[in-house]
Amino acid sequence: MPPPVSQQQLSYHPYLEGGGEMGQLTRGFDWSSTVIGTPENWSQSLLTTVSIILNSKFPMFLWWGPELIQFYNDAYRPSFGNDGKHPTALGQKGAACWPEIWPVIKPLIDQVMAGGEAVWHEDQLIPIYRNNKLEDVYWTFNYSRVNNETGKPGGVLVICTETTKQIKAYNDLSRAKQALEMAQAESESQRDRLKRFFMQAPAGICILNGPDLVFELVNPSYQELLPGRNLLGKPILEGLPEIKENVWGILQDVYHNDKSFEGNGVHVPLARYIGGPIEDRYFNFIYQPRHNAEGLVDGILVFVFEVTEMINAKNKLEKEQHKLQMAMIAADLGTFDRDLEKGTLEWDERCRALFGISHQEAVTFEDDFLNAIHPEDTGRVKDFINKVFIKTVSNGDYDIQFRTIGKEDQKLRWIRSMGKATFDGQDKPVRFTGTVLDITEQKLNEIRKNDFIAMVSHELKTPLTTVKAYVQMLMAKSKKNEDDFTLAALNKVNKQVKKMTGMINGFLDISRLETGKIHLNKTYFLLHDLLKETVEELASATQSHTISFMACETINLYADAEKIRQVINNLISNAIKYSPKGKLIEIACQQIDGMAQVSIKDEGMGIKQQDKEKLFERFYRVENAHTSTISGFGIGLYLSAEIIQHHAGKIWVESEIGKGSTFYFSLPIYPR
Ligand code: ADP
């Protein structure tokens, strides 16, 4: 009797069905030995992807998870050759499987995983080890990111096709063309020699003679493209009547205007056999005018190579990729379609599930949509949709997050909905379509984290305030007693307490920011004064660096001075933190295009291009040997950026590794 199958196991089985040899190997593999664990723990998105791969007739390969664990299908298998990496590659880590090409492909994987553009390469030479040697292999491949349920990158899917054969044949064609150019026939004997060469050439070659383009020579490779056709001695339109549509015009141009022509992937509907069905065939070819003794065109030399297989493969690849994307999207996204003229609303299965209904009856905007929205969010969502319907305000764009309470299941969900309204000629909205995505998990995590940070920071503040008060009392006392040692020690304590207060305030700011409670207390002030004050205060407490400030013109700002001071403080503190002792830090300001611009320049370690974009993200820190000893949480720049953005300003950095960085921010100047 077979062992009982548990409920959970049943749920993944359908995904691993079929798939021939690789299906069998995938099912039999001991996945518990890898970081991704056994299939019952695989995510829906991994299961779906593996199922698509196993059931695809097209070569596919997947790297999944942080260790880039590998999957592939039967169609991909031959690429490994006979004694290559198969079957060890299954379940193996990417880096262990491909040491010889890892430096080439790892950056591609990283780029795709980081959300970069999908990578598409045609006819790339990537030598691989197979058939007991390192072989030159050409590939056309596409790397694309597969997301997991939470919308984060889960893996990289490679759909590929080997184009080695085509490339080799194309090279032969070029060689034949070169031979022709060298021997541009003049004398009869040379022509004969050339003919012999043509007859043996691996590319399809024919010579068309006279204005009617009569087949004067047809080599075996050319004949192979059109088996059974009797071409020799016939005008081309008689031998190949199908070409009249696409190719005849080109030939006329070559003949009458003495112009050579090179076509790549030209579509020629052409029967393969006499009387056979017309097929969509594709060719690379070269037409070369042939000249007589007087230098006039008297014929055309044709070199041709069929690329139908390659083009079909490419098309199939694109289709497969599209299908996969649709499947991935469909698994996660629900769709809605509201006809504003008819007053109808359509929801697909997934959308219904996200609004907590299971029936199949018609849904309405009022009853099923508005009523399902959490009462605290209804007003905001309604307002937002109203704006979406005013073309001049929103251009019809819709992207919002809100809570729903399932109509039947009463479940609370966070939803992100994106879409677009379309308008008629009078800018009246006529249709509203889009998608809905469940973001409950992410949202709850975020809320829990923020609540925790806010609570801890708040709790830490009280004891710290007490410590601060006592330190100050003790400082006053030791000053009075002229106890220099204690005074110096207390000064240090005071400095650390200040630092800690700063950090805690930073965390509190973050939680305020994220709950939308940041409040700008704007007043008019002189930028120069604020800079001078802040710089002087920092300079007096810094012995390690020289801080210079260049006086700037009078710029009157209308902003939250304390928050801008916080930004300046932050940027100068970073300049001190991330540059060696004894270096110069320059602060400058100027007015450019109606904006006040402040710069903080250091001679520090500098920042890599890839880090530059992320520096202003929450909790982002550059990790290297230098920074590992410098403490911080990666929130200073995030807060600075938020403050500047709340002021409708901009913040950015220019930097060169080893030379230093300059941080800039600019704020709009409002006339008083
Ligand atoms: P923290 O300094 O607490 O880590 P920040 O948000 O202020 O957080 O800075 C984020 C990261 O940016 C830092 O960890 C550091 O790697 C990098 N960084 C910031 N300022 C500089 C600078 N002037 N030079 C080099 N790297 C810097």
Residues meeting the amide H criterion for V268 (H placed from the backbone, H to H distance under 5 Å, 5 or more places apart or on another chain) are R281, Y282, F283
Which residues' amide hydrogens lie under 5 Å from the amide hydrogen of R338, considering only partners 5 or more residues apart or on another chain, with H built in the peptide plane?
E346, F432, T433
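My understanding is that a pair violates if its Cα-Cα distance is over 22 Å; which of K449/K577; K57/K93; K449/K612; K532/K601; K382/K407; K165/K234 do that in this structure?
Where the Cα-Cα span goes over 22 Å, the pairs concerned are K449/K577; K57/K93; K449/K612; K165/K234.
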Distance (nanometres) between label positions extended 7 Å along Cα→Cβ at E459 and K319:
6.1
For segment 523-668, build the charge dipole from Cβ charges (+1 Lys, Arg; -1 Asp, Glu) around the Cα centre, then report which of Y620, I576, A559 sits farthest towards its positive end.
Y620
Student exercise, segment 415-520 dipole from Lys, Arg, Asp, Glu Cβ charges, in Debye to nearest 20:
280
Sort 473-484, 261-272 for me by packing, meaning the mean count of neighbouring Cβ atoms within 10 Å per residue, highest on top.
261-272, 473-484
Rank-order 628-634, 371-377 by packing density, defined as the average count of other C-beta atoms within 10 Å over each peptide's residues, highest first.
371-377, 628-634
Additional length obtainable on full extension of the chain from A488 to M500, 0.36 nm per residue less Cα span:
2.4 nm
Long-range amide H partners of I547, meaning residues 5 or more apart or on another chain whose placed amide H is closer than 5 Å, are I585
Quick one: the Cα spread of segment 167-311 along its three principal axes, in angstroms, biggest first?
42, 32, 25
To the nearest 0.05, how large is the calculated FRET efficiency for I592 and E623 if R₀ is 45 Å and r is the Cβ-Cβ distance?
0.85
Segment 423-461 and segment 475-531: distance between their alpha carbon centers, rounded to Å
33
Would you mind checking segment 449-472 for residues with the amide N under 18 Å from a putative spin-label position 7 Å along Cα→C-beta of H374?
449-454
Which one, T465, N450, P429, projects farthest toward the positive side of the charge dipole computed for segment 409-530 from Cβ point charges (K/R +1, D/E -1)?
T465
Counting only the backbone N, which residues of segment 603-636 are under 19 Å from the spot 7 Å out from the Cα of M550 toward its beta-carbon?
603-604
Taking Lys and Arg as +1 and Asp and Glu as -1, residues besides L90 with C-beta under 12 Å from its C-beta add up to +1
For peptides 202-211, 449-458, 15-24, sequence by mean Cβ density within 10 Å, most packed first:
202-211, 15-24, 449-458
Report the Cys residues of the chain lacking a disulfide-compatible partner, meaning no second Cys Cβ under 4.7 Å from their Cβ.
C97, C160, C206, C351
So for the pair L412, Q360, with labels modelled 7 Å out along Cα→Cβ, what separation do we get in nm?
3.4
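Please tell me the relative contact order of segment 195-260 in percent, rounded to the nearest whole number, where contacts are Cα pairs under 8 Å and at least six residues apart.
23
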Taking the Cα centre of segment 266-376 as the origin, how large is its charge dipole in debye, to the nearest 20, when only Lys and Arg (+1) and Asp and Glu (-1) carry charge on their Cβ atoms?
760
Apply 1/(1 + (r/R0)^6) to the Cβ-Cβ distance of L237 and L584, taking R0 = 60 Å, and write down the FRET efficiency to the nearest 0.05.
0.15
Applied in sequence order to segment 375-387, the curve 6.51 cos²θ - 1.76 cosθ + 1.60 (Karplus, θ = phi - 60°) yields integer Hz couplings, x standing for Gly and Pro, of x, 6, 9, 4, x, 4, 5, 4, 4, 4, 5, 4, 5
Report the charge-dipole magnitude of the chain in Debye, nearest 20, computed about the Cα centre from +1 at each Lys and Arg Cβ and -1 at each Asp and Glu Cβ.
2200
Unit charges at the beta carbon, dipole of the chain: most positive-side option, L54, L490, T34
L490
Which FRET efficiency, nearest 0.05, do E216 and S174 yield, Cβ-Cβ r, R0 30 Å?
0.85
Could you list F71, F336 in order of exposure, starting from the residue whose Cβ has the fewest other Cβ atoms within 10 Å?
F336, F71
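Read the figures in this text as sums done on the coordinates, not as results from a lab. As the structure is a computational prediction, the values presented were derived from the model and not from experiment. Ideal geometry is used to build each Cβ from the backbone, glycine not excepted, and the neighbour counts take in all protein chains shown.
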